[in-house]
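S.K.: The structure that follows is given in the form of structure tokens.
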């Protein structure tokens, strides 16, 4: 008996997971390879970084999700090379043969060539990033409580968020809420509401992909939470004591101990590996330029989906790196594989944009559904609902809902733990 | 106006926290000093280590607990020395003057002089310990799934728990449940139920402080979960590939990659610091021998409570290092301080032992209330109830209850995350 067609999926994020699930009834063997043992619901990662949710609330073990899908096996491991001529994925400790390969390895943050900033300004892509951000935010208030020098105190109570996209807006809003509400009665020597929160964005408004009216409402919402929005500003330097920004001709040095990075992303190194193996083009941030059917030039058996794919057919600009794109691409490729096995063809991929949303804070969000824009309480409720239904595992939905309700009624955040090997190194 | 009497409490565990809360109406200023920003509910730490609960479910920010208590301030910092003649606590970065000092710095694990075992056999005292244990347990099954060599596979699927006290019994039982039930459908190449779990105890039965009938029931419960109990056995060596034990004349080398340490504890270094400063005696594990009123010899203004105190008045043997002892001692010292300030005296401390309990697994526990012993489902329900009501913060009670209910009905554990800077180092 012939062995069934083997589909290898690199990455268990939205793209990879939806591809695997959509292959449930296909006559194929599926291997999902990931460096982590869980699927991470990245849109809520900022809530871990700001103490509302626990890591496990937004991360579901891949094995648990796929345990009943008999044609899937999950492997924990790291792909380091792809040998397209022999159809093999090279792992750090072995290899995997494939008939069809789906690369959904995602992106990581990018410091525009200033890698030394990473240590000073952590980004937000992994669970560890989120707990590190949480540690820094909470430690800054702790250090301020013990600080005698007014200049140092000011620096500890200044938070700079770099990047005014959805993640930056959500982070800045959450830090504003922490300072104004969550910590209100917690300290004796400082008033946490004195914290200065600066959101730095290079474009002329926050949430650049959204309509200008929504950007303005988001900015107004941030202002109400005590966030100063600095648009048209480039970060020119970050050191242990300050962030330096340039707005046109003006330069400003903002003394701070806490810088949160929500700016650039860069494709996983597998993008470059795949491009050199196949001759495919990569864009400025290393994403692989894909064909209209998401395959890689001259390799119809290799697909790239999700944040790692640069898809600009029909659309002109590349599709954004958001979960709905990855999910639709995962489903598309799964369907394409099934049709091919039946000798059928399929029309090119088309992204159906149902809109996008971002929260600013409690009961405050903006939503752009294309045909309608709205903001405020109902946008926030819509945001909550959409995120809850897309969370994997019913238990997590329930736990998240309870914690949101609690947060809403008490302003409190219970996952405010400073963890890590050395919890105190920032206190000097 | 005279400054109010200043009580400094080192440690925000059960002893320190209950002392601080009991001083709510006292005419004193209270400073709670801790290296961590949260109170940890240690009795449930093993459930974090085995993926049932998230760290934040059993840890509550000290500031959040004490925010409404106006006479308390919380300081994040580390005490490194105590200057009893000048009534000062020396911190790693400053100092604190006190009128009364309560030292409740607890214990850490102890490897009987074999500190090199710590790296190979992590203990369970902190949140980081728990996530490290969780990482090792889960990675062992992942490595087994990818292992081709039968001997190596056997070693990956062997788990050795050292120490048959409550923590060891609870850990071994939970690993048994994970292997037999939680992971049942998760793997394709291995059957997790093939895992061998060995609990090693030096005495002649598990749970030595309990009546022999309960020890026997605990052992039977562990056997039903696939745990092999090896009593009368000493660990003579631990290396990267095996644990060597000695039972009388017999020596056995158990090849394993996962060793969980639940054996010895040793007093915090502050115990020794305090002993040399005051001339107080310390016992074999470094606990400070205290007076009948929990003060330190010749220093009525210095108290030691909780796991760090060696109290054997009336009792003959020192009181065990459990939460109820620490809680009662914290309350006692708080009352003593208030009475002293009013010029009153107080009878010596007396521990009221309401009994003790340990869980073995799902719907299985043993309880010894002194006047009655019982085990099975009702002991388990009593265990659940007692632990839930003592958890700090209502939200955590609700979240823990939901996760227990889920675990009970589905056998699943959702907090099965492999986290840490390098999630894969154990896979070789």
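The values are calculated or read from the model by the stated rules, or taken from the named source; none is laboratory data. Because the structure is a prediction, the values reported are computed rather than measured. Don't worry about glycine lacking a Cβ; one is built from the backbone with ideal geometry, like all the others, and counts go over all protein chains shown.
S.K.: Is it the case, given these coordinates, that residue B:293 is part of a loop (DSSP other than H, G, I, E, B), closer than 16 Å to residue B:19 by Cα and assigned by TED's automatic domain parsing to the domain that holds residue B:9? Walk me through how you get there before you give the answer.
M.R.: Numbers: part of a loop (DSSP other than H, G, I, E, B): yes; closer than 16 Å to residue B:19 by Cα: yes; assigned by TED's automatic domain parsing to the domain that holds residue B:9: yes.
In short, yes.
S.K.: Given the conditions (1) in a strand (DSSP E or B); (2) out of contact with any strand residue (DSSP E or B) (no Cβ under 8 Å at 6 or more places or on another chain), which single one is not true for residue A:284?
M.R.: Tallying (1) in a strand (DSSP E or B); (2) out of contact with any strand residue (DSSP E or B) (no Cβ under 8 Å at 6 or more places or on another chain), residue A:284 fails exactly one: (1).
S.K.: Follow-up question, since we're still on this one. For region B:296-321, which positions are in a loop (DSSP other than H, G, I, E, B) and without any contact (Cβ under 8 Å) to a residue 40 or more places away in the chain? Show your work before the answer.
M.R.: First pass over region B:296-321, keeping only residues in a loop (DSSP other than H, G, I, E, B): B:297-298, B:305, B:311-321.
Within region B:296-321, B:297, B:298, B:312, B:313, B:314, B:315, B:316, B:317, B:318, B:319 qualify.
S.K.: What strands (runs of 3 or more DSSP E) lie completely within region B:1-89 and have 1 or more residues being under 30 Å from residue B:173 (Cα atoms) and within 14 Å of another protein chain (Cβ to nearest Cβ)? Walk me through it before giving the result.
M.R.: Working: elements: B:5-10, B:28-34, B:38-40, B:59-61, B:72-76, B:79-83.
Where strands (runs of 3 or more DSSP E) fall fully within region B:1-89 and carry at least 1 residues being under 30 Å from residue B:173 (Cα atoms) and within 14 Å of another protein chain (Cβ to nearest Cβ), they are B:38-40, B:59-61.
S.K.: Continuing with this model, one more query. Scan region A:114-122 and tell me whether some residue there is part of a loop (DSSP other than H, G, I, E, B), modelled with pLDDT under 95 and closer than 20 Å to residue A:58 by Cβ.
M.R.: yes
S.K.: OK, next. Quick test of your reading of the structure: residue A:231 fulfils all but one of (1) surrounded by fewer than 24 Cβ atoms within 10 Å (Cβ to Cβ); (2) more than 30 Å from residue A:373 (Cβ to Cβ). Name the failing condition by number.
M.R.: (2)
S.K.: When you look at residue A:365, is it under 27 Å from residue A:127 (Cβ atoms), assigned to a strand (DSSP E or B), more than 14 Å from chain B (Cβ to nearest Cβ) and touching a strand residue (DSSP E or B) at 6+ places or on another chain (Cβ under 9 Å), yes or no?
M.R.: Numbers: under 27 Å from residue A:127 (Cβ atoms): yes; assigned to a strand (DSSP E or B): yes; more than 14 Å from chain B (Cβ to nearest Cβ): yes; touching a strand residue (DSSP E or B) at 6+ places or on another chain (Cβ under 9 Å): yes.
It is true that residue A:365 is under 27 Å from residue A:127 (Cβ atoms), assigned to a strand (DSSP E or B), more than 14 Å from chain B (Cβ to nearest Cβ) and touching a strand residue (DSSP E or B) at 6+ places or on another chain (Cβ under 9 Å).
S.K.: Give the residues of region B:368-392 that are part of a strand (DSSP E or B) and surrounded by fewer than 20 Cβ atoms within 10 Å (Cβ to Cβ), sorted by residue number.
M.R.: Hits for region B:368-392 are B:373, B:374, B:376.
Yes or no, residue by residue, for (1) crowded, with 18+ Cβ neighbours inside 10 Å; (2) under 24 Å from the mean Cα position of the chain (by Cα); (3) more than 14 Å from chain B (Cβ to nearest Cβ):
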site: A:102; (1), (2), (3): yes, yes, yes
site: A:109; (1), (2), (3): yes, yes, yes
site: A:116; (1), (2), (3): no, yes, yes
site: A:123; (1), (2), (3): yes, yes, yes
site: A:127; (1), (2), (3): yes, yes, no
site: A:138; (1), (2), (3): yes, yes, no
site: A:142; (1), (2), (3): yes, no, no
site: A:169; (1), (2), (3): yes, yes, yes
site: A:182; (1), (2), (3): yes, no, no
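S.K.: Please go through region B:399-410 and pick out each residue that is facing another protein chain (nearest Cβ under 9 Å) and either surrounded by fewer than 17 Cβ atoms within 10 Å (Cβ to Cβ) or outside any helix (DSSP H, G or I) (or both).
M.R.: Keep residues of region B:399-410 that are facing another protein chain (nearest Cβ under 9 Å), which gives B:399, B:402-403, B:406, B:410.
Scanning region B:399-410 gives B:402, B:410.
S.K.: Within region B:99-110, which residues are assigned to a loop (DSSP other than H, G, I, E, B) and touching a strand residue (DSSP E or B) at 6+ places or on another chain (Cβ under 7 Å)? Talk me through it step by step, then tell me what you get.
M.R.: At the first step, the residues of region B:99-110 found to be assigned to a loop (DSSP other than H, G, I, E, B) are B:99, B:104-106.
Of everything in region B:99-110, those that are assigned to a loop (DSSP other than H, G, I, E, B) and touching a strand residue (DSSP E or B) at 6+ places or on another chain (Cβ under 7 Å) turn out to be B:99, B:104, B:105.
S.K.: Moving on to the next point. Give just the number: which of (1) modelled with pLDDT under 95; (2) not in a helix (DSSP H, G or I) does residue B:276 not satisfy?
M.R.: (2)
S.K.: Among what's in region B:284-304 and is out of contact with any helix residue (DSSP H, G or I) (no Cβ under 7 Å at 6 or more places or on another chain) and modelled with pLDDT under 95, pick the residue that is surrounded by the fewest Cβ atoms within 10 Å (Cβ to Cβ).
M.R.: Within region B:284-304, the match that is surrounded by the fewest Cβ atoms within 10 Å (Cβ to Cβ) is B:284.
S.K.: Inside region B:149-263, counting only strands (runs of 3 or more DSSP E) that do not spill past its ends, which hold 1 or more residues that are in contact (Cβ under 8 Å) with a residue 60 or more places away in the chain?
M.R.: Numbers: elements: B:158-162, B:196-200, B:227-230, B:233-238, B:242-247, B:250-255, B:258-261.
Strands (runs of 3 or more DSSP E) meeting the threshold: B:158-162, B:227-230, B:233-238, B:242-247, B:250-255, B:258-261.
S.K.: Residue A:146 - would you say it is within 9 Å of chain B (Cβ to nearest Cβ) and farther than 30 Å from residue A:19 by Cα?
M.R.: On the way: within 9 Å of chain B (Cβ to nearest Cβ): yes; farther than 30 Å from residue A:19 by Cα: yes.
Here the answer is yes, as residue A:146 does meet what is asked.
S.K.: Could you tell me whether region A:349-360 includes any residue that is modelled with pLDDT of 95 or more, in the same structural domain as residue A:295 (by TED's automatic domain parsing) and buried (at least 21 other Cβ atoms within 10 Å of the Cβ)?
M.R.: Scanning region A:349-360, I find no residue that is modelled with pLDDT of 95 or more, in the same structural domain as residue A:295 (by TED's automatic domain parsing) and buried (at least 21 other Cβ atoms within 10 Å of the Cβ), so the answer is no.
S.K.: Of everything in region B:55-68, what is touching a strand residue (DSSP E or B) at 6+ places or on another chain (Cβ under 8 Å) and more than 28 Å from residue B:135 (Cα to Cα)? Give them in sequence order. Talk me through it step by step, then tell me what you get.
M.R.: First, the residues of region B:55-68 that are touching a strand residue (DSSP E or B) at 6+ places or on another chain (Cβ under 8 Å): B:58-63, B:65-66.
Of everything in region B:55-68, those that are touching a strand residue (DSSP E or B) at 6+ places or on another chain (Cβ under 8 Å) and more than 28 Å from residue B:135 (Cα to Cα) turn out to be B:63, B:65, B:66.
S.K.: Which count do you get for residues in region A:227-254 that are out of contact with any strand residue (DSSP E or B) (no Cβ under 6 Å at 6 or more places or on another chain) and on the phi > 0 side of the Ramachandran plot?
M.R.: Number of matching residues: 1.
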